[in-house]
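Since the structure comes first, as structure tokens, the remarks are kept for the end.
The values are calculated or read from the model by the stated rules, or taken from the named source; none is laboratory data. Because the structure is predicted, anything quoted here is derived from the model rather than measured. Here the Cβ positions follow ideal geometry from the backbone for every residue, glycine too, while neighbour counts run over all protein chains shown. Ligands, DNA and RNA are excluded from the accessible area calculation, which covers all protein heavy atoms including side chains. Shrake-Rupley method; radii C 1.70, N 1.55, O 1.52, S 1.80 Å.
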Amino acid sequence: TSFLLYVRQFTRPFVDIANIYNNFQTAVAGAERVFEILDEAPEPPDREGAVPAGHLRGEIELCQVEFGYLPNQPVLKGISVKIPAGTQAAVVGATGCGKTTMINLLTRFYDVSAGSILLDGRDLRDYRMEDLRSAFGVVLQDTALFAASVRDNICYGHPESTMEQVRLAAKTAGADSFIERLPKGYDTVLSDNGVHISKGQKQLLTIARAMLSDAHMLIMDEATSNVDTRTEMQIQKAMRSLMAEKTCFVIAHRLSTIRGADQILVIKDGRIAERGNHEELLEKKGVYYQMYHAQFEGSFT
């Protein structure tokens, strides 16, 4: 017994040193992240003489746009395309090809490295940042809900909305039926990030939030990826009425969701490989044709 006690006393300092080293490594990793945030450059201020967005038609044109998150590593390479006002443009391509990057440039989370993006014939950087972002309604794949009532989550960003407007947005998004089944309906308080409801129901609430906003342009980044096929059909029907007379960008991996798009942009290696509507791209039998048949043939194997 004495021998075992001495052995333990002998090894304990080494174990303590190992634990201290682990804690030190954790502290270093945390410090690196803290300093990354502290060193992050703030968003650029509005240009001198920046104009309010006002009423926008929604015509968007990308002129030889280039962008990379790191120097000498471009993600987008000479993108040029014009999206007329009131049309639906779908962006498809392999993971990492730059689809979401293009959307981040539209909302000015990043500025282009070269070229320019025009909105109604004026460079995005000529608009006030606040007005520009309020002109876009965004529905992302990752939902963002808060520990508040269902009504507060839907009218987030538009607290002045009436109950009738909130209910209409929820009905249009197909969320009214499950909301009414909640214990207190629209007054039901969701826990942090809405853990009491399914992923599909979370997505319906974020879509209802977008419908409540009076945005001139819409961005749908994999907005229906967390819902079942039947709910997806409901959302698509609701989205068609929402998208009327608005410029819409839809990012989708399910090619079935973008068949009716006015223009489909196929991104490959940071460039537009093909463009056209669904029928035109299938006739070309190029990249889109291969993606379409690989997806649907794979779904039955």
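If we scan region 239-250, do we find a residue that is closer than 30 Å to ILE83 by Cα, at pLDDT 80 or above and in contact with a Cys (Cβ under 8 Å, 6 or more places away or on another chain)? No, region 239-250 has no match at all. Restricting the search to helices (runs of 4 or more DSSP H) fully inside region 70-161 and requiring at least 1 residues that are among the hydroxyl-bearing types (Ser, Thr, Tyr) gives 99-106, 129-134. Checked against the criterion of being open to solvent by 20 Å² or more (accessible area, probe 1.4 Å), on the phi > 0 side of the Ramachandran plot and of a type outside the set (Phe, Trp, Tyr), the candidates GLY93, GLY115, GLY98 yield just one match: GLY115. If you check ALA273 against the conditions, is it over 17 Å from THR87 (Cβ atoms), modelled with pLDDT of 85 or more and among the aliphatic types (A, V, I, L, M)? Against the criterion (over 17 Å from THR87 (Cβ atoms), modelled with pLDDT of 85 or more and among the aliphatic types (A, V, I, L, M)), ALA273 qualifies.
Note on region 162-191: residues that are of a type in the set (S, T, N, Q), in contact with a helix residue (DSSP H, G or I) (Cβ under 9 Å, 6 or more places away or on another chain) and assigned to a loop (DSSP other than H, G, I, E, B) total 1.
Can you tell me how many residues within region 254-282 are within 20 Å of GLU66 (Cβ to Cβ), touching a Lys or Arg at 6+ places or on another chain (Cβ under 8 Å) and open to solvent by 20 Å² or more (accessible area, probe 1.4 Å)? Final tally of qualifying residues: 3.
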